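Below is one structure, written out as structure tokens; the observations come after it.
Taken together, the values in this text are just the output of simple stated rules run on the coordinates, not laboratory data. Since the model is a prediction, treat every value here as computed from it, not as a measurement. Cβ atoms come from the backbone with ideal geometry, glycine included; neighbour counts cover every protein chain shown.
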Amino acid sequence: MIKNSEHSYGLVAKLMHWLMALAVIGLFALGLYMVELDYYDRLYRTLPHIHKSIGILLFAVLIGRLLWRRFNPQPKPQGSPAERRIAHWVHMALYLLMVAIMVSGYLISTADGRAIEVFNWFEVPATLADIDGQEDIAGDIHEWLAWTLIALVALHALAALKHHFIDKDNTLKRMTFFKGE
Amino acid sequence: MNTYAKKALRTLITGLALSTALLTTNSAMAREYQFDIKGAHAFIQFQIKHLGFSWLSGRFNKFDGTFNWDAANPNASSVNVEIDVASLDSMHAERDKHLRGEDYLNVDKYPQATFTSTSYTDQGDGKGLLKGNLNLRGVTKEIAIDVEFIGAGKSPWGAGLHAGFRGTVALKLEDFGMRSMGPGAEHVYMTLDVEGISK
Ligand code: HEM
Ligand code: HEM
């Protein structure tokens, strides 16, 4: 049950889904919190460092997730044809937004040509740098996309709950670790 | 008239014409000078202490201005400067972004800073005190800039007279609604180095 089947997500897909869900929501809260910190706060430097490090690592996980998705069967979507179509586009939008947020975040920190240090473990060098106003534009985009992503995630979670409690199908169960399908 | 007298007269006339020409260019007329932005012979820099440990320097990359100056009558001098505040550059993108944000320069709301002089008092020895109104972050406040004359004259390459000055002033962050940068860093020290070319 490591791989997906026609009926259920496998262990790898489930782990990556929930790991990323946790990290993305965590990064959102962390992002909002850290930009309000006073310069003299003990965490003024630490939290952005953690935010960027987790964000970059998440990018690697996302690439892995998309590859894994490519070489696995997809469980059949459930619900009315309209619901299935919307679900498909929402999932695509979630992937796209995650990529765009990661790229825009990267472009903030590397706007002056500095590399990003990931947990003092390795560095990601700058590529696009020194565009006029780069850090400000990338920063505005980053913030807007983050809010958009979180709004879409709320919709996505509500839809999952609707499947579970109203449609009473196994859509939510097959993404969780509880014995369902 | 004989040829000798003619020649003498001509010499006298050309001499007179030449000296009047020389006099007018040399005589210190009040002129308007434009900051040499094209040649980047003008800099607005700031320095502020980092945690009280060291000096942090930065600059504004986009600004423009003019000044009127007459060496014979320095007290009639005046200066106008406009700064694009978002062009702040401290060689660190994340810090620049923070300094442009609401806690500091709030450039979205106040994109421009202006300085308009109200008086100049010559203190001799090429020094002087320039008073005027600085509008920064939506606050207008009278400030007094210490001015030092650096040099003036013609450049080797073209028309127009050049004149250069340095102005320095300490600004208190809180006076302009900005968060203090902590103990030992309440003030930012501004330096305006400018060379103007007469219009
Ligand atoms: C940041 C948070 C989240 C993100 C980015 C996210 C993203 C995604 C994506 C992209 C898919 C599609 C998987 C595929 O390629 O097939 C998916 C599926 C799913 N997600 Fe989420 N998700 C998040 C949070 C949640 C939450 C909080 C819930 C439940 C309350 C949830 C429940 C589900 C379920 C049930 C599926 C399977 C849908 C199906 O079988 O058609 N997700 N998620
Ligand atoms: C899904 C992943 C991410 C989410 C949800 C997220 C979310 C956020 C949020 C909500 C903020 C606060 C925005 C504001 O109020 O100004 C923020 C700020 C920031 N993020 Fe992210 N972020 C993510 C990934 C990344 C990555 C990968 C990087 C860089 C490698 C990054 C770099 C930054 C930086 C530098 C800031 C500070 C911007 C500033 O100084 O105003 N983020 N992020």
Is one or more of the residues making up region A:120-140 within 16 Å of ligand 1 (Cβ to nearest atom), under 22 Å from the mean Cα position of the chain (by Cα) and among the small types (Gly, Ala, Ser)?
-> no
Pairs under 6 Å by beta carbon, first residue farther than 23 Å from A:MET1 by Cα in region A:70-95, partner outside any helix (DSSP H, G or I), six or more apart or different chains?
-> A:ARG84/A:PRO77; A:ALA87/A:PRO77
Residue selected from region B:59-97 under the condition crowded, with 19+ Cβ neighbours inside 10 Å and farther than 30 Å from B:LYS199 by Cα, by the criterion nearest to the chain's Cα centre (by Cα) = B:ASP96
Does A:GLY113 count as within 14 Å of another protein chain (Cβ to nearest Cβ), within 12 Å of ligand 2 (Cβ to nearest atom) and under 22 Å from A:ILE54 (Cα atoms)?
-> no
Might you check whether a residue that is away from every other protein chain (no Cβ under 14 Å), in a loop (DSSP other than H, G, I, E, B) and either away from ligand 1 (no atom under 16 Å from the Cβ) or exposed (fewer than 14 other Cβ atoms within 10 Å of the Cβ) (or both) occurs anywhere in region A:154-168?
-> yes
Select, from A:ILE150, A:ILE137, the only residue that is surrounded by 12 or more Cβ atoms within 10 Å (Cβ to Cβ), under 27 Å from A:ILE50 (Cα atoms) and more than 10 Å from ligand 2 (Cβ to nearest atom).
-> A:ILE137
Specify which of the listed residues (A:LEU37, A:LEU47, A:LEU27) is away from chain B (no Cβ under 14 Å) and surrounded by 13 or more Cβ atoms within 10 Å (Cβ to Cβ).
-> A:LEU27
A:PRO77 being assigned to a loop (DSSP other than H, G, I, E, B), in contact with a helix residue (DSSP H, G or I) (Cβ under 6 Å, 6 or more places away or on another chain) and at negative phi = yes
